[in-house]
Amino acid sequence: MPQDLQNLTTKPKTKKISIPRAQSNIDEIQNLQCSNFRPDLDMENNLPPAIRSRLQDLFAQIEKEFELLYSENVNLQEKIENLNERLERESNLGDKQSYDFTDFDNTSSKGFPKVKTNASQKVKTAHKLKAQTSKIVSSFKGPTVSCSLVREFSGHRDGIWEVSVARPGQPYIGTASADHTACIWSIESGRCLLRYQGHGGSVNSIRFHPSRDLVLTASGDQTAHVWQAVVTWDQQKGHSSEEELDAGEKGEEVDSGPEGGAPSLRTPVCELKGHAAVVMAADWLPGGDQAITASWDRTAGLHDAETGELVQSLSGHDHELTHISSHPLQRLVVTSSRDTTFRLWDFREPIHSVSVFQGHTDTVTCAVFTREDKVVSGSDDRSVKVWDLRNMRSPLATIRSDSAANRLAVSPGGVVAIPHDNRQVRLFDLGGQRIARLPRTSRQGHRRMVSSVAWAEDSSSLSCNFFSCGFDRLILGWSVQSFKDL
């Protein structure tokens, strides 16, 4: 292991930094104050102009010196982050190479395995050697994915809880923020196209309708709203203000937004009620005729998306619900909770059923479906688990991390993107093998907790195919490409 990586494992020595020039300036200021203080002068003008000018000059010099120190500190921090990343790669490499040598019967003094003389044992040992050699060789392979930051979206006044991508063919993303608003953004221009201000509390989640220009948002005001997003599409296509007026005459309140002239919408098409506490998440069932909500009142609700009527209340969790997600094709729903479990609700005819998945030791922050009929769950216990819907007893794979996992997302190709409390976003395959980590430095990446990520299903015509958001009030658009596709 390189010497600079070994130094990271030892306790760093504290080094005192002296600033003689700044200290001399401070001493000079004190002398000026003591030698020129005259109590008979007016208190508001107790410093002569010459002394005041000299003080301003000295303070400017001190500020400049501290700016230089800050710049050096930032550079050192970047070097430490790079060394930590190298150390992590070295650690992963060591784990991959630590295979079990007890598979061999004995080892000679030269280190070569002694095998039995019979033919079957020779064949068996040869297969083991081949598998172990392949494992070592594969550990030296470089990264297979390229991750680069393309665009930054900004405009929210508080942390962002969730980012979602519109259906294929619609180049838009939506964000839900603690500033009581939800926004629709153009992926290509980065501009805010519509701001929804109909909620009376934090907007905790946002989802696009699978086939119509409707958006579903969940809020801390104990409701979920269905609202029309057609204004956004019209604005993007350059339609006239007369058409916006027609939309307003249909019951939609539209006015000029505060940021960049984006219009604001305040009236929902439908309001979903029935919960007695914060609604943390909501999603569409396949087809979009019904919506499902998850609340801190420990229940989930199945609603008619046209009338807002509560069709069925789903109870069973012992603590507050944290997330809800529906299967893209089948009438299946998963709800996650602070009770360390997530539940699978089957609404397919003729019998509705529920299954409980246990395996985490702390709050389950989210659970989402994959296209291979698997479920991926993330938790505050710093693990992510991949489950088979037909086997609830044990996960197929477990991904361990050094930070809690937030609202993750799975790409159509089976890449699991995990946002963390420690500002990192990591990519894994469904087998639990690490693929890449999104770059994060002082100049790019998130500066606070990453709360949610989302993949674009149809990325062939988009500059960004992956999005992340966090409590630094930013949404970042990334290009994540496999090297074989470049």
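Values computed for the structure shown
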| quantity | calculated |
| --- | --- |
| Where a residue in region 210-227 is free of Cβ contacts under 8 Å to residues at least 40 places away in the same chain and its partner, wherever it lies, is assigned to a strand (DSSP E or B) and of a type in the set (K, R), with Cβ under 7 Å and at least six apart | none |
| Filtered residues of region 205-219 (kept if surrounded by fewer than 19 Cβ atoms within 10 Å (Cβ to Cβ) and of a type in the set (G, A, S)) | S211 |
| Residues of region 248-277 classified as modelled with pLDDT of 50 or more and assigned to a loop (DSSP other than H, G, I, E, B), total | 12 |
| Residue count for region 467-486, restricted to those that are within 14 Å of P171 (Cβ to Cβ) and either hydrophobic (A, V, I, L, M, F, W, C) or not assigned by TED's automatic domain parsing to the domain that holds S154 (or both) | 1 |
| Given (1) over 18 Å from L149 (Cα atoms); (2) in contact with a strand residue (DSSP E or B) (Cβ under 8 Å, 6 or more places away or on another chain), number of the condition G445 does not satisfy | (1) |
| Filter result for R440 (out of contact with any His (no Cβ under 6 Å at 6 or more places or on another chain), more than 23 Å from F342 (Cβ to Cβ) and assigned by TED's automatic domain parsing to the domain that holds V384) | yes |
| Filtered residues of region 442-458 (kept if closer than 24 Å to L76 by Cβ and at pLDDT below 85) | S442, R443, Q444 |
| R298 being over 21 Å from L214 (Cα atoms) and in the same structural domain as E372 (by TED's automatic domain parsing) | yes |
| Condition met for K110 (out of contact with any helix residue (DSSP H, G or I) (no Cβ under 6 Å at 6 or more places or on another chain) and modelled with pLDDT under 65) | yes |
| Candidate set: region 462-477, residues that are touching a His at 6+ places or on another chain (Cβ under 6 Å) and outside any strand (DSSP E or B); chosen: the one farthest from N204 (Cα to Cα) | D472 |
| Among the candidates S394, S403, S383, residue that is crowded, with 18+ Cβ neighbours inside 10 Å and assigned by TED's automatic domain parsing to the domain that holds V415 | S383 |
| Residue check, R207 part of a strand (DSSP E or B), under 19 Å from the mean Cα position of the chain (by Cα), of a type in the set (D, E, K, R) and modelled with pLDDT under 95 | no |
| Matching residues, region 456-479, being of a type outside the set (A, V, I, L, M) and under 11 Å from the mean Cα position of the chain (by Cα) | F466, F467, S468, C469, G470, F471 |
| Qualifying position, being buried (at least 20 other Cβ atoms within 10 Å of the Cβ) and either β-branched (V, I, T) or over 18 Å from N406 (Cβ atoms) (or both), among S337, S355, S295 | S295 |
| Yes/no for H180 being farther than 17 Å from V278 by Cα and surrounded by fewer than 24 Cβ atoms within 10 Å (Cβ to Cβ) | no |
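The values are calculated or read from the model by the stated rules, or taken from the named source; none is laboratory data. All of these numbers come straight from a predicted model, not from anything done at the bench. All Cβ positions, even for glycine, are placed from backbone atoms using ideal geometry, and neighbour counts span all protein chains on display.
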